[in-house]
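Asks: I'd like to ask you about the structure that follows.
The values are calculated or read from the model by the stated rules, or taken from the named source; none is laboratory data. Just so it is clear, the model here is predicted, and its values are computed rather than measured. No Cβ is skipped: glycine too gets one built from the backbone with ideal geometry, and neighbour counts run over all protein chains shown. Heavy atoms of the whole protein, side chains included, go into the accessibility calculation; ligands, DNA and RNA do not. Shrake-Rupley method; radii C 1.70, N 1.55, O 1.52, S 1.80 Å.
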Amino acid sequence: EGSVGTQLNGGEPYRLFSTDLSHGVLQERHNSTIELRDNATGTLQGLNGGLAEAGEFMAASSDLSHVMLASAGELFEWVAGSAAPVSVLPDNEMVSGKLGGVKVEGVSGPSEFAGRFAVSGDGSRVVWGNGSELFSRDMVAEKTVRVDEGQGGSGSGSGVFQLASSDGKRVFFTDAGELLPGAVAGSLYMFDVVGERLTDVTSGVEGGGVTDVLGANEAATSVY
């Protein structure tokens, strides 16, 4: 299981299905209207309400109860009829942001990061970035923590998101900076969101740096 359902090719009305196919998100290629369709009844529900400008569908939780939208460069999560801000700094300042921070090479489409759990399975946690820093947003507690901040190393961090556990509590990223003592450029780090603790996963591995992260199990206890 993953955090997204089946994604269709760009340009088709359906952007994403829930894992049980009971619901789908629709958005025409050149239409800013985003709708959630109940496939059993055919009922459509608009998801643009509350956004200052037309939104763009980005990703969703597996049951489509939480839908990620981008509007005017900022990130929002639609839940139960309203849009809650996502790209909020730890000091509560709303800024522009991108889901997952920056694009992972070789992964494409509007939900490119959801398949790697940038949005947790239940939509309660979201990994996002502002181009230079990486964050995790707890949508329930309305709290943002920085993921790639140095903890005792000489670097300040500019993390590239790789993947997260399905519950969003373990975030993996690579960084050119030395965030922990002894880390090397390109080390793979794991950030424990709850404990706000950083681990150098590649510590002691010959060569140190990581070329690519292929995937992981849902709990992110095994990473390839």
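Asks: Based on this model, can you work out whether SER61 counts as open to solvent by less than 20 Å² (accessible area, probe 1.4 Å), under 29 Å from SER132 (Cβ atoms), at pLDDT below 90 and out of contact with any Leu (no Cβ under 7 Å at 6 or more places or on another chain)?
Replies: Numbers: open to solvent by less than 20 Å² (accessible area, probe 1.4 Å): yes; under 29 Å from SER132 (Cβ atoms): yes; at pLDDT below 90: yes; out of contact with any Leu (no Cβ under 7 Å at 6 or more places or on another chain): yes.
Here the answer is yes, as SER61 does meet what is asked.
Asks: Further question: Are any residues in the range 134-150 within 26 Å of THR211 (Cβ to Cβ), part of a strand (DSSP E or B) and open to solvent by 10 Å² or more (accessible area, probe 1.4 Å), and if so, which ones?
Replies: Start the filter on the range 134-150 by keeping residues that are within 26 Å of THR211 (Cβ to Cβ), which leaves 134-136, 146-150.
Next, from what is left, pick out any that are part of a strand (DSSP E or B): 134-136, 146.
Across the range 134-150, the qualifying residue is only ARG146.
Asks: Okay, next question. Just to check your reading of the model, which residue among GLY123, GLY177, GLY131, GLY153 is open to solvent by 60 Å² or more (accessible area, probe 1.4 Å) and touching a residue at least 24 places away in the same chain (Cβ under 8 Å)?
Replies: On the way: GLY123 fails: open to solvent by 60 Å² or more (accessible area, probe 1.4 Å); GLY177 fails: open to solvent by 60 Å² or more (accessible area, probe 1.4 Å); GLY153 fails: open to solvent by 60 Å² or more (accessible area, probe 1.4 Å).
Selected residue: GLY131, the only one of GLY123, GLY177, GLY131, GLY153 that is open to solvent by 60 Å² or more (accessible area, probe 1.4 Å) and touching a residue at least 24 places away in the same chain (Cβ under 8 Å).
Asks: Which pairs have Cβ atoms under 6 Å, sit 6 or more apart or on different chains, and link a residue in the range 66-81 that is under 14 Å from VAL25 (Cα atoms) and of a type in the set (A, V, I, L, M, F, W, C) to one that is open to solvent by less than 10 Å² (accessible area, probe 1.4 Å) and not in a strand (DSSP E or B)?
Replies: Pairs that qualify, where the first residue is under 14 Å from VAL25 (Cα atoms) and of a type in the set (A, V, I, L, M, F, W, C) and the partner is open to solvent by less than 10 Å² (accessible area, probe 1.4 Å) and not in a strand (DSSP E or B), are VAL67/LEU47; LEU69/GLY55; TRP78/LEU47.
Asks: While we're on this one: Look at the range 196-214 and say how many of its residues are exposed (fewer than 13 other Cβ atoms within 10 Å of the Cβ) and modelled with pLDDT under 80. Before the answer, list the steps.
Replies: The initial filter retains those residues of the range 196-214 that are exposed (fewer than 13 other Cβ atoms within 10 Å of the Cβ), namely 197, 204, 206-207, 211-212, 214.
Cutting the leftovers down to modelled with pLDDT under 80 gives us 204, 206-207, 211-212.
Adding up the residues that qualify gives 5.
Asks: Something else now. For residues in the range 84-95 being part of a loop (DSSP other than H, G, I, E, B) and of a type outside the set (Asp, Glu), which is most open to solvent (accessible area, probe 1.4 Å)?
Replies: So the first thing to find is which residues in the range 84-95 are part of a loop (DSSP other than H, G, I, E, B), and the list is 86-87, 89-93, 95.
From what's left, of a type outside the set (Asp, Glu): 86-87, 89-90, 92, 95.
Working: VAL86: 0, SER87: 0, LEU89: 27, PRO90: 75, ASN92: 111, VAL95: 27 Å².
My answer is ASN92.
Asks: Answer with yes or no whether ALA220 is under 17 Å from the mean Cα position of the chain (by Cα), on the phi > 0 side of the Ramachandran plot and at pLDDT below 90.
Replies: Values: under 17 Å from the mean Cα position of the chain (by Cα): yes; on the phi > 0 side of the Ramachandran plot: yes; at pLDDT below 90: yes.
It is true that ALA220 is under 17 Å from the mean Cα position of the chain (by Cα), on the phi > 0 side of the Ramachandran plot and at pLDDT below 90.
Asks: Restricting to the range 180-201, what's the tally of residues that are assigned to a loop (DSSP other than H, G, I, E, B) and in contact (Cβ under 8 Å) with a residue 40 or more places away in the chain?
Replies: Here is the first cut: in the range 180-201, the ones assigned to a loop (DSSP other than H, G, I, E, B) are 180-186, 193-196, 201.
Narrowing further to those that are in contact (Cβ under 8 Å) with a residue 40 or more places away in the chain: 193, 196.
Total meeting the criteria: 2.
Asks: List every residue pair whose Cβ atoms sit under 8 Å apart, with the two residues 6 or more apart in sequence or on different chains, where the first one lies in the range 39-52 and is in a strand (DSSP E or B) and open to solvent by 80 Å² or more (accessible area, probe 1.4 Å) and the second, anywhere, is modelled with pLDDT of 85 or more and among the aliphatic types (A, V, I, L, M).
Replies: Sorted first by the residue in the range 39-52, then by its partner, the pairs are LEU44/LEU26; LEU44/LEU36; GLN45/LEU36.
Asks: Are any of the residues in the range 67-83 at pLDDT 75 or above, part of a loop (DSSP other than H, G, I, E, B) and open to solvent by less than 20 Å² (accessible area, probe 1.4 Å)? Talk me through it step by step, then tell me what you get.
Replies: So the first thing to find is which residues in the range 67-83 are at pLDDT 75 or above, and the list is 67-83.
Checking which are part of a loop (DSSP other than H, G, I, E, B) leaves us with 72-73, 80-81.
Right, trim to open to solvent by less than 20 Å² (accessible area, probe 1.4 Å) and you get none.
Checking the range 67-83: not a single residue is at pLDDT 75 or above, part of a loop (DSSP other than H, G, I, E, B) and open to solvent by less than 20 Å² (accessible area, probe 1.4 Å).
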